Amino acid sequence: MPPTDARPASNTAWPPQSLAGLELFRGLEPAALAEVMAAALVRAVPRHTPLFHQGDPAQHCHALLSGGVRVSQTNAAGAQVALRFIGAGEMFGTVPLFTDRLYPADAETVADSVEIRWTEATLRQLITRHPAIALNLVTVIGRRLMEVQDRLREVTTGRVEQRLARALLRLAARGTASAAGTALAFPLTRKDLAELSGTTLHTASRTLAAWEKRGWLSSGRPNGRARITLHDQAALAAMAEDGRE
């Protein structure tokens, strides 16, 4: 079911070229992008709106035109763990359409967002008409698998400091750079970072506080939302690589 507090948004407000950066539609000609956009459902979704829940039937292929989404999973004990954050231009919730047809996690907006989605039937029709989409889908699935393998290797072999540094650098790749540093694109809590890094809140808080004292990063709550800005990515990259300070 679509989110109850989402507002329909006009497709015309987003030209077909808006889709050119989406990994699923890269390389498509302008006419094909126009067809893809015409078949889409576009929604303006307020912050803290669930888009789907773990275990729900997978019915759509999703992407973000703006905003951010937190993807989290609940284990058998009822504890929720953040798995990844989705930013503008990224696809999500697509792989289940081609596997067990169930969403494996919850997805909730962490900022006012514009979501674009296609029904499964529409996506399959588009793939038939434009085989490049199928090739892109293979790339998307392959990249997701590599990310899972990297995260598993980090958790099993990397030190906590390395895992935290890598999580911050991954998020910084989608951040906003300025003379003051790179502001992460998403409002993140230290609990979020602990979950992304496979460590405890206490350890994550202690490590981030130490890095903040060294000037590697800073944190604050502008507009009541936790924000992190990286000031020394070289130091974090050295930490992520081999634990050097």
Any chance region 61-75 includes a residue that's farther than 27 Å from A172 by Cβ, surrounded by fewer than 21 Cβ atoms within 10 Å (Cβ to Cβ) and either of a type in the set (G, A, S) or modelled with pLDDT of 90 or more (or both)? no
Flagged in region 189-198 as farther than 16 Å from E147 by Cα and either open to solvent by 20 Å² or more (accessible area, probe 1.4 Å) or in a strand (DSSP E or B) (or both), in numbering order, are T189, R190, K191
Identify, please: which residue in region 76-89 is of a type outside the set (G, A, S) and under 11 Å from the mean Cα position of the chain (by Cα) and is, among those, surrounded by the fewest Cβ atoms within 10 Å (Cβ to Cβ)? L83
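Rundown of residues vs (1) outside the structural domain of A38 (by TED's automatic domain parsing); (2) within 16 Å of A185 (Cβ to Cβ); (3) acidic (D, E); (4) free of Cβ contacts under 8 Å to residues at least 40 places away in the same chain, yes/no style:
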{"position": "Q73", "(1), (2), (3), (4)": "no, no, no, yes"}
{"position": "G78", "(1), (2), (3), (4)": "no, no, no, yes"}
{"position": "A82", "(1), (2), (3), (4)": "no, yes, no, no"}
{"position": "T109", "(1), (2), (3), (4)": "no, yes, no, no"}
{"position": "I116", "(1), (2), (3), (4)": "no, no, no, no"}
Considering each residue of region 220-237, count those that are touching a residue at least 12 places away in the same chain (Cβ under 8 Å), open to solvent by less than 60 Å² (accessible area, probe 1.4 Å) and in contact with a strand residue (DSSP E or B) (Cβ under 9 Å, 6 or more places away or on another chain), and give that number. 6
Any strands (runs of 3 or more DSSP E) falling wholly within region 95-188 and containing at least 2 residues that are touching a strand residue (DSSP E or B) at 6+ places or on another chain (Cβ under 7 Å) and surrounded by 21 or more Cβ atoms within 10 Å (Cβ to Cβ): 106-109, 113-119
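The values are calculated or read from the model by the stated rules, or taken from the named source; none is laboratory data. Source: prediction; values computed, not measured. With ideal geometry, Cβ positions are generated from the backbone for all residues, glycine too; neighbour counts draw on all protein chains shown. Side chains are part of the model used for accessible areas, which takes the heavy atoms of the whole protein and leaves out ligands, DNA and RNA. Shrake-Rupley method; radii C 1.70, N 1.55, O 1.52, S 1.80 Å.
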